[in-house]
Every structure is written in structure tokens, then in C-alpha cells.
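Down below is the structure, laid out as C-alpha cells.
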Amino acid sequence: MIVTIQYKELTIEVFDDPSFTQNPDSPTSYDKIYQLEKHKVYRPISQHGIVVYRDNIKIASAILLASAGGTSVSIDSIVIDQDDLVTTCSNCVFSLSLPNLKLNWATEVDWATCFSVRQYKDSYITHGEMTISRIDREGKITWEYGGADIFVCHSEGEPFQMYEDYIALIDFNGTKYKIDYNGRTL
């Protein structure tokens, strides 16, 4: 899937790129390569490409690499906040400055995988498989909330919904949770 976002005079494309390799003969290439565990040699599970255009001219590109649970790009995995692109890749959240895609920070927000990120006031709320987290604009986790099982619905319903005063959650067993924006059970 390709998600295309218009922001100011920029066109930003975010997409899965499973064909990328860190070898010279890679079929795709990027200006910047970001991964949390730079010192480790590993095969990424998730590879999300980002290309920024101005007036249909490519001005920056980057690829995000991560090796925990696999994720795909979706509209729920991207937030534009001021001049930063905040996006998930596997179990991490990355913040990149626009338009140059310089890495501001990267944070592991879940042990397994992170399905979505949403802006909440001056922070972000992430929906992970194991935890719901709130992170600040510097990428620091301010709280985490876990349930009895993973936050994926086995039955009907949405496992993660944000409302004005609370967050509603459903785990794999169908257990429902209601928490406030400070990570406390209501």
C-alpha cells in the first residue's frame, strides 16, 4: 500500500518496500537508512520507504527497517505533526523532520509490534500488540498499559478506539478495557 500525504508544498509517499536490501545491487535505493539496532546484522521484517517531493521533484528519501513483528503502511501508521513525520515500523515509532527526513528520534514502543500511532494533544498514543503507550514529542514513553492478552480482536469490535475522555480497548479474549489519557484504568 502507498499512502500519499499533501503537507504544505510537499507530497509525501510512505510505502512498504520488501525488495530493498542493504547490498549495492538492491533494486531500490534511499538517501538515508534508519534502523534502531544499527550495530546488528539482521534481516528486517518491516521495510517502509518514504519519498518527499516538491513540485514533482524528489528532494529526500529514507527507508525504515525493523525486525520485530511485521507491519504494513496504513493511514493509521502515519502522523504529520508540525514539520515532523511520525510513523510506525514494526514495533517502533520514528520521527523524521520534513522535508529532509532527518531522524529526530526512534523509540521501541511495544515488545511485539505497533499497529498505529495517533496524535493526542502534544503527544502520541500508540496501539501495540502487547501495550498501549503514550510518548512525548521527544520520543520518550510517558506510560504503557498492558492487558491480560494481546490487543487484537478475536471477535467483533475494534481493539483500539480513542474518544475525547478515554481509550477503549478489547483484547484477544474479548475482555474490554477503558483507560484515561494518563494510562489509568477507569
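Any read-out appearing in this document is the output of simple, stated calculations on the displayed coordinates, not a laboratory observation. Predicted, not measured: the structure shown is a model, and the values here were computed from it. Using ideal geometry, Cβ is built from the backbone for each residue, glycine included, and neighbour counts are taken over all protein chains shown.
Along the charge dipole of segment 2-179, Cβ charges K/R +1 and D/E -1, which of S46, Q161, W105 sits furthest on the positive end?
W105
With 10 angstrom as the radius, rank E158, E108 by how many other C-beta atoms surround their C-beta, starting from the fewest.
Arranged by neighbour count, lowest to highest, E158, E108 become E158, E108.
Per-residue counts of other Cβ atoms within 10 Å, averaged by peptide: what ranking do you get for 60-66, 31-37, highest first?
60-66, 31-37
Once you've got the GNM for the chain with C-alpha springs shorter than 10 Å, pick whichever of K58, K140, K121 has the biggest mean-square fluctuation.
In the Gaussian network model the winner is K121.
Could you go through segment 69-74 in sequence order and give the Karplus-derived ³J(HN,Hα) for each residue, using 6.51 cos²θ - 1.76 cosθ + 1.60 with θ = phi - 60°, rounded to whole Hz, and x for Gly and Pro?
Taking θ as phi minus 60°, the curve returns x, x, 9, 10, 6, 8 Hz for segment 69-74.
From the cross-link list K8/K121; K121/K178; K102/K176; K8/K102; K32/K140, which pairs have alpha carbons spaced over 28 Å apart?
Details: K8/K121 21 Å; K121/K178 19 Å; K102/K176 39 Å; K8/K102 18 Å; K32/K140 23 Å.
Violating the 28 Å Cα-Cα cut-off are K102/K176.
With +1 on each Lys and Arg Cβ and -1 on each Asp and Glu Cβ, and nothing else charged, work out how big the dipole of segment 49-157 is about its Cα centre, in Debye to the nearest 20.
Dipole about the Cα centre, nearest 20: 360 debye.
Ordered by residue, what ³J(HN,Hα) values in Hz, to whole numbers, does segment 51-59 give under the Karplus form 6.51 cos²θ - 1.76 cosθ + 1.60, where θ = phi - 60° and Gly and Pro are x?
Ordered by residue, 3J(HN,Hα) equals 10, 10, 10, 10, 6, 6, 10, 5, 10 Hz.
Quick one: what Rg and Dmax do you get for the chain from the alpha carbons, in Å?
Final numbers for Rg and Dmax: 16.7, 54 Å.
Based on Cβ point charges of +1 for Lys and Arg and -1 for Asp and Glu, what charge dipole magnitude is obtained for the chain about its Cα centre, in debye rounded to the nearest 20?
Computed about the Cα centre, the dipole is about 360 debye.
For a quick check: with amide H placed at 1.01 Å from N, whose amide H comes under 5 Å from F115's, ignoring anything fewer than 5 positions away on the same chain?
H127, G128, E129
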